[in-house]
Amino acid sequence: MAVTIIDIAKKAEVSVGTVSRVLNNQPNIGPERKQRVVAAMEELDYTPNRWARGIRRGSATGKKTGQIAMMLINLDDVTMHTAYMMQYIHGVQQEIAATGRKCMFVTWNEKSDGDTIPQTLLDGEIDGIIVKGHLHTDIGKQWLSRYPKVFINPLPASPGCDCVMVDYEEGIHDCVTYLASLGHRRIAFIEMRKFHTKLLGYRRAVDELGLDADEGLIYTRDVVSLSKLELDLDRTIENLWSLSKPPTAILSNDYFCGEIYKALTKHGLKVPDDVSIVGYDNETSHCEALIPKLTSLDIKAVELGKLAVKQLLERIQTPQESYRKILIQGKIVERESVRKL
């Protein structure tokens, strides 16, 4: 079996990141640790450029290894359990299979894995990567940079890269406009991510339509734990109905809407009699399982996953082309959770 840098790291009693830095002649490595790494490489008869040859095979023009990886990087519990994540994965898997290639899935959590680099990146036996999530460490970014890749919904602050994205700003704007057309002027926005693109869409619609611009109707903060989600949303509903004028409608993502339904019921409120609800992401089985069925913004997540693969294959074929960003437009699917005032 071929020796990997994980074997070297164990032998030298250092991290994989340290081994990687030695291989790349990076600074800030103590001489004692560097010598241990070199000694381990010699003892295990490791060829330093073995991984490089693999990467060159995978990054050359055309189909070489026949494998595409989808990497889920630093995703929290809430994101991993949302229905749209599975739709992204289904789209990626279906499109890769349609091309006759193989698909592998890799999860990478830098907090729990430290600076350990996934073996998939070390081996170089892939043509490219579909990325959902983002990296924090420089060493991780360096390894990822060696491959053709496409990001799905990267953070707004992400550097230049190929990506496919839901146009959430315009989609949320459309949802607020839809509710306003039915007479709603006090629309609460609940997003357990400080995702400014969505909030921009909400604020822009409220301003353009002259709706009630009450900061008490906006709840955006980071929630990454499933165990805390139900309690947090229950408190949010309490706070909203403690306002002198509670909202007549609530806008949030599908996953949270299920918990919002529960919180509203707990407080004796009915959908849509007391408050209308609009979700976004439109995971059909989830939306139709709620009573009443949830009106939601369809973000076409399966299509987005397929487009990410197509864009990646184009990048592999034409590595020198400029980066491209593809925006997906959402569409509201009306069900039973909204009433006209």
- Task: Answer yes or no as to whether Asp273 is of a type in the set (Asp, Glu) and either touching a residue at least 60 places away in the same chain (Cβ under 8 Å) or in contact with a Gly (Cβ under 9 Å, 6 or more places away or on another chain) (or both).
- Result: yes
- Query: Hey, which of the strands (runs of 3 or more DSSP E) in region 232-341, taking only ones fully inside, have at least 2 residues that are more than 23 Å from the chain's Cα centre (by Cα)?
  - Reply: 249-251, 276-281
- If you take the residues of region 191-235 that are within 21 Å of Pro154 (Cα to Cα) and aliphatic (A, V, I, L, M), which of them is modelled with the lowest pLDDT? Val224
- Item | Positions within region 23-53 being in a helix (DSSP H, G or I), modelled with pLDDT under 75 and within 25 Å of Glu110 (Cα to Cα), in sequence order | Leu23, Arg50, Trp51, Ala52
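May I ask you to list the residues in region 177-204 that are under 21 Å from Arg339 (Cβ atoms) and in a helix (DSSP H, G or I)?
Thr177, Tyr178, Leu179, Ala180, Ser181, Tyr202
The values are calculated or read from the model by the stated rules, or taken from the named source; none is laboratory data. The model shown is predicted, which means the values in this text are computed figures rather than measured ones. Because the Cβ atoms are built from the backbone with ideal geometry, glycine has one as well, and the counts that use them run over all protein chains shown.
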